[in-house]
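Trainee: Sharing a structure below in structure tokens format, with a few things to ask.
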Amino acid sequence: MFRPLLLSVLGALSLAAADAPRKSALDKPTLEAYVRHLFVLRPELKVEVLEPKPSGLLPGFLDVRIRISQGTASQELPLLVSKDGKKILQGAVYDVNDNPFKPELDKLKNQFQPALGTAGAPVAIVVFSDFQCPHCKEEATMLRKNLIDAYPTQVRLYFKDFPLESIHPWARSAAIAGRCVFKQKPEAFWSYHDYIFGHQETISPDTLKNNVMEWAKGLPEIDAMQLGQCLDSRATDAEVAAEAAEGRALDINGTPTMFINGRRIPNTIEWPNLKTIVDFEIEYQKTAKNAGDDCGCEVKLPVPDLPTPGAPAISPIRKK
């Protein structure tokens, strides 16, 4: 009597387990709860599951980004989710036929950016920087002191603005001013770059314009009136916004962030370590030829009102 009853109970439990709904990582609340537990995310952090997109590298999987934010600071976590919602992968997917940093290289747009070094060099370095960031100042000094002297023809350096407005109140205005200088006289950008970093400790939101105009006094090639009008109207703000948007698309969340032929360096780097990577890339590109500066790319797009192609400009940085 007891045996049939026991079998009946076990059978009922088995059927209940079989009928229990299976969780899917394509259900946003389910994935959010899973990610919160996986990475021990505090309740005050906002977690947003973005819309899935087909994976270009892994058939059968979808690219799903998780945006984690608190106030104005945010970071995106890339995941791969199987189309049946059962499996989640974290990490990079590589195609042996492509450069391992191709996704980053595809997003880095260097046309008409402040640049320093030789166009067409086998190594392109892109630095996302913040003029108010102390670490950026240190790395900028290191780059200016060493990079082009060591690699006069083998490296092309690009500077991009990524002002951290939540902690640096005059960083965006300094970026706008730098773009005003670059637009008027591209080769003067580096002088501006060095001046702002050199006077970083004494600049405030109230004194920035005076500092910029004081710098311009010593340069006859700069039209001070035109520069002042550009600053007052914030005429280059859209350009700074575009650079910041590019940085966010690359999942940058701090400065300095550097890309060496697409290889991400998310923190400050010392000169010996940087030199090791550059030397490796120079040798590797002799046969790979799948990265480096796109020689002549600036000349192909003669857009009116943009700076003269081939002008020098760039800035180093460090992370805060």
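Trainee: Taking the simple approach of a point 7 Å from Cα along Cα-to-Cβ for both residue 194 and residue 67, what is their distance in nm?
Mentor: Between residue 194 and residue 67, the simple spin-label model gives 4.1 nm.
Trainee: Here is a follow-up. Report, please, the projected area of region 102-284 averaged over directions, based on the convex hull of its C-alpha atoms, in nm².
Mentor: 10.0 nm²
Trainee: Could you derive backbone 3J(HN,Hα) for region 179-191 from the dihedral phi with the Karplus parameters 6.51, -1.76 and 1.60 (θ = phi - 60°), listing whole Hz in sequence and x where the residue is Gly or Pro?
Mentor: 5, 4, 4, 4, 5, 7, 8, x, 5, 7, 4, 5, 4
Trainee: While we're looking at this one, here's another question. How big is the shadow of the Cα convex hull of region 22-89, averaged over all directions, in nm²?
Mentor: Approximately 4.7 nm², given one-decimal rounding.
Trainee: To make sure I understand, if each residue's beta carbon is the centre and we count other beta carbons within 10 Å, what order do 193, 135, 199 fall in, fewest to most?
Mentor: 199, 135, 193
Trainee: What's the angle, to the nearest 10 degrees (0 to 90), between helix 134-150's Cα axis and the longest principal axis of the chain?
Mentor: 70 degrees
Trainee: Using the beta-carbon distance between residue 248 and residue 217 and R0 = 41 Å, what value does 1/(1 + (r/R0)^6) give for FRET efficiency, to the nearest 0.05?
Mentor: 0.70
Trainee: Just for the chain, what percent of DSSP beta bridges are antiparallel, to the closest 5?
Mentor: 80 percent
Trainee: If you take every residue apart from residue 277 with its C-beta less than 13 Å away from the C-beta of residue 277, what net charge results, scoring Lys and Arg +1 and Asp and Glu -1?
Mentor: Surrounding charge for residue 277 is -1.
Trainee: Give the whole-number value, in cubic angstrom per residue, of the convex hull volume spanned by the C-alpha atoms of the chain.
Mentor: Considering the Cα atoms of the chain, their hull volume per residue is 179 Å³.
Laboratory data are not the source of any read-out in this text; all were calculated from the coordinates shown. What you are looking at is a predicted structure, and each value in this text was computed from that prediction instead of being measured. No Cβ is skipped: glycine too gets one built from the backbone with ideal geometry, and neighbour counts run over all protein chains shown.
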